[in-house]
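The values are calculated or read from the model by the stated rules, or taken from the named source; none is laboratory data. The model shown is predicted, which means the values in this text are computed figures rather than measured ones. Cβ sites come from the backbone with ideal geometry, for glycine too, and all protein chains shown count toward neighbours.
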Amino acid sequence: MFHSKAAWLNTLKPNFKVLPLKDRVLCGVGALLGLSISSLISWLALGNLNAWYIAPMGASSVLLFAVPASPLAQPWNMVVGNSIAALIGVTCAMWIPNQTEAFSVAVALAIVLMMTTDSLHPPSGAVAITAVLGGKAVQDLGYAFLFYPVLLNSVLLMAFAIFYNRLLGKPYPQRPQVNIRSADPTPTQKVSIRPVDIQQVLERQSQLLDISEYDLQKIILEAQQLANRRSLSQFSCRDIMSRQVLTLRAEDDIQSALEKFKQVNLMSLPVVGDLDRLVGNLALYEVVEWFKRAADPKASWENHVYQIMNPKVVTVRPDQPIEDLVPYFVERSFNYIPVVENQRLIGMISRADMIAALNQQIHFLKEKA
């Protein structure tokens, strides 16, 4: 009996991913800091105003810091949705004497207009109600309520959310996962599920899904890659990497680095420090940009590789399967990926290495069939 009740209760729960404790705490810290800082700035700007901060910002912070990937949490939704709701709420408060009717109509109209402008933001419903039930302080403001505190609160909280989420490495606002080189589908999409396929399925849906089309594409493609791995023989990065790697030293003179580029005809080279620890990557275009700045007195101090290199490098481990590298070579047009073990550069995998390995896997599958 108890088991059946527990099973029934589970049907009421959302099918939602539970984040690790550390991530949950960071979401809470983000809301704490975001609300505190935006509230303080609002108070400094509107200190003599009774309605200097509004409660719906608490609901907005849940979206901005707990689920920033949600389409409902994007900056457009936050600012435009709250502004529309405030405008409708103030108008209804002025023209509809009965408060129950006023806030009911305000929320209904706000939903329709937000969905029409693609700015749906659930906390905005509370903004509309606040405009009606906020008391004399809000009523005295009239349409100024839209600009302060609503727009001021929204912009401040949104600005901190952008800073905080990016500080944690979360992409916010969400950006479309599209082919940056042309309007065509990406190379992987051409031979698998395409964006237009997902669009057609979503158009048949009769309800709004709280996930962006771009995230849905990414999830489907990554799931497909995992499925494809199960049908392929496994090569590791160690199996196909080149062990003799041409490198630059961090303290090398930039002129000498250019000479090395000329010798090998490569577009980028890894940069190592003591004990062959990988410390960065220098692309040929960065050397070209350095030459363009040569006449600028401010850039005269740049003489060594470490001063113009990119310290952020995508690397792989020697025991990783080569399928992990496909998105970098296909979607992001990488030419080389360093192989690192204990922070030391031990090899390099080129696009040619990948083509040779995948070609071998194709032959393997043909023979197996």
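Among the residues of the stretch 186-210, those identified as modelled with pLDDT of 70 or more, among the β-branched types (Val, Ile, Thr) and either loosely packed, with under 13 Cβ neighbours inside 10 Å or assigned by TED's automatic domain parsing to the domain that holds Glu331 (or both) are Val196, Val201.
Only a single item in (1) touching a Lys or Arg at 6+ places or on another chain (Cβ under 8 Å); (2) in contact (Cβ under 8 Å) with a residue 40 or more places away in the chain is not met by Pro338, and it is number (1).
Among the residues of the stretch 129-180, those identified as buried (at least 17 other Cβ atoms within 10 Å of the Cβ), part of a helix (DSSP H, G or I) and not hydrophobic (A, V, I, L, M, F, W, C) are Thr130, Pro149, Asn153, Ser154, Tyr164, Asn165. Among the criteria (1) in a helix (DSSP H, G or I); (2) hydrophobic (A, V, I, L, M, F, W, C); (3) surrounded by fewer than 20 Cβ atoms within 10 Å (Cβ to Cβ), the one Leu49 does not fulfil is (1). What number of residues in the stretch 251-278 are crowded, with 16+ Cβ neighbours inside 10 Å, under 31 Å from the mean Cα position of the chain (by Cα), over 21 Å from Gln320 (Cβ atoms) and in contact (Cβ under 8 Å) with a residue 24 or more places away in the chain? Of the residues in that region, 1 qualify. Note on the stretch 77-123: residues that are surrounded by 16 or more Cβ atoms within 10 Å (Cβ to Cβ) and outside any helix (DSSP H, G or I) amount to 5. Condition check for Asn335 on (1) more than 22 Å from Leu278 (Cα to Cα); (2) at pLDDT 80 or above: one failure, at (1).
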